[in-house]
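A.B. asks: Sharing a structure with you now.
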Amino acid sequence: MKKCVLALMVLLAGCASNDEPPFEINNKQFHERQDEQGNKLFSYVVSVKAKHRENFNLDRGSNKRPSRGEVKQYIEKEHFEESSILKLQLEDQAVELLNQELKDRKYCGNKHEVNDVLWRDLSVQLRGRCL
């Protein structure tokens, strides 16, 4: 029983020590304009830093071959470009950042709405208007 608890603690400690964020925001841009009727419009773009995938050396001639656990961890690691979950997390974070930006700029007095969400490879753009 003690061995099982110890093994579980080691396993959980390994999971908890992975404090590298799944993506890093490197650029935020706020654009404002008015339409023909005088309505305030905005566009907010949040981009993430591109991460290159490290090469995983599976060369049979080398003395230091990766363990099964290392191979499994490499395969299961989520990459931003392929992960809808990470993209949704970025979208949620972009909404929070937009709300703060609008508040800091005092751009929309009462309320605002986001009409469009546009995706590019490593960025999301929120387009909307003040109400």
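A.B. asks: Kindly write out, for the stretch 98-107 in residue order, the coupling ³J(HN,Hα) from the Karplus curve 6.51 cos²θ - 1.76 cosθ + 1.60 (θ = phi - 60°), rounded to whole Hz, with x marking Gly and Pro.
C.D. replies: 4, 4, 5, 4, 4, 5, 4, 7, 6, 7
A.B. asks: Right, next: Which whole-Hz couplings ³J(HN,Hα) result when phi for each residue of the stretch 32-40 is put into the Karplus expression 6.51 cos²θ - 1.76 cosθ + 1.60, θ = phi - 60°, listed in order with x for Gly and Pro?
C.D. replies: So the Karplus estimates, Gly and Pro as x, are 10, 6, 10, 8, 4, 8, x, 6, 7 Hz.
A.B. asks: For the stretch 111-122, what does the Karplus curve 6.51 cos²θ - 1.76 cosθ + 1.60, with θ = phi - 60°, yield as ³J(HN,Hα) per residue in whole Hz, taken in order and with x for Gly and Pro?
C.D. replies: 9, 8, 9, 9, 9, 9, 10, 10, 10, 10, 3, 10
A.B. asks: At what distance in nm do the modelled label points of Glu70 and Arg105 sit from each other, each positioned 7 Å from its Cα along Cα→Cβ?
C.D. replies: Roughly 4.8 nm, to one decimal.
Read-outs: derived from the displayed coordinates by stated rules, not from any lab. Everything numeric in this text was worked out from a predicted model, so none of it was measured. Cβ coordinates were reconstructed from backbone atoms using ideal geometry, including for glycine residues, and neighbour counts include every protein chain displayed.
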